[in-house]
1. Within straight cross-link reach of Lys44, meaning Cα distance under 18 Å, which lysines are found once same-chain residues fewer than 8 apart are removed?
2. Can you find, among Asn150, Ala137, Ala103, the residue sitting farthest towards the positive end of the charge dipole of the range 88-152, where Lys and Arg contribute +1 and Asp and Glu -1 at Cβ?
3. Taking the Cβ of Asp40 as the center, what net charge do the other residues with Cβ under 13 Å away carry, scoring Lys and Arg +1 and Asp and Glu -1?
4. Would you mind computing, in nm to one decimal, how far apart the modelled labels at Val45 and Ala22 are, each placed 7 Å from Cα along Cα→Cβ?
5. Please report Val96, Val192, Val187 as a ranked list, fewest other C-beta atoms within 10 angstrom at the top and most at the bottom.
6. Rounded to the nearest 20 Debye, what is the dipole magnitude of the range 121-185 about its Cα centre when Lys and Arg each give +1 and Asp and Glu each give -1 at the C-beta?
7. If each residue's Cβ is checked for other Cβ atoms within 10 Å, how do Lys97, Lys29 rank with the fewest at the top?
8. At a Förster distance of 35 Å, what's the computed FRET efficiency of Ala185 paired with Leu108, Cβ-Cβ distance as r, to 0.05?
Amino acid sequence: MADRARPGTRRSQTDPASPLLARRPDLRKAEYRLVAATADIGVKVDAMLPHVNLIGNLGLESIDAQLFFRASSQTWSIGPSLSWRILSMPELYHQVKAADARAQQALLFYRQSVLNAFREVEDALSETASQDARRAALTRSVAANERAVNQAKNLYKQGLVSLMEVLETDKAWLNALNDLAQSDAAVATNRVALYKALGGGWSLEDEPEE
């Protein structure tokens, strides 16, 4: 249902027509709703049109059982039948208008669902990039604090620094390790959020009802 990309522009990597984003249950539900509402307009319009039916009649002229299956004893007729709810036209017209209004609402709902999906994916991508950068910085901080601890211990053995200075550098190293562990958890959580925003992780049981 997505619009075609304009000439000269690149299709977004999060285009709702992509296999990933199209799997999102909210977009599937919105699409089914739009398709059903559009089809209902056709049903309502069809009810306004005249309908022609062919009515057939088959009978027997003879009451003699022995002659039942002879062509000369069989009669048949066929003719058209026209039905048109012309007196109900005002009501049918309003039904068409109502169906069209529901289709317009369904279209707006679908567009809003697509925009929401884009926003969730963009937010997840931005947060993932931010957490990745933070984790990289914390990894460097842990390595730097570890070197500081080793250096402080060597200096302490030489009597050049006090035990308090060794403990302070060790504390800073442990804090950096704790921050890195929290960052690892945040990165993992963001990976899950991004995966779901892109439509991944859904099973058949997650399909929206038609």
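1. Lys97
2. Towards the positive end, the residue furthest out is Asn150.
3. Residues near Asp40 contribute +2 overall.
4. 2.5
5. On the way: Val96 18, Val192 12, Val187 15.
Ascending Cβ contact count within 10 Å gives the list Val192, Val187, Val96.
6. 480
7. So the residues, fewest neighbours to most, are Lys97, Lys29.
8. Numbers: r = 39 Å, r/R0 = 1.11.
Calculated transfer efficiency: 0.35.
Here, each number is a calculation from the coordinates, and none is a lab measurement. It should be emphasised that the depicted structure is a prediction, and the values quoted were computed from it without experimental measurement. Note: ideal-geometry Cβ built from the backbone for every residue, glycine included; neighbour counts use all protein chains shown.
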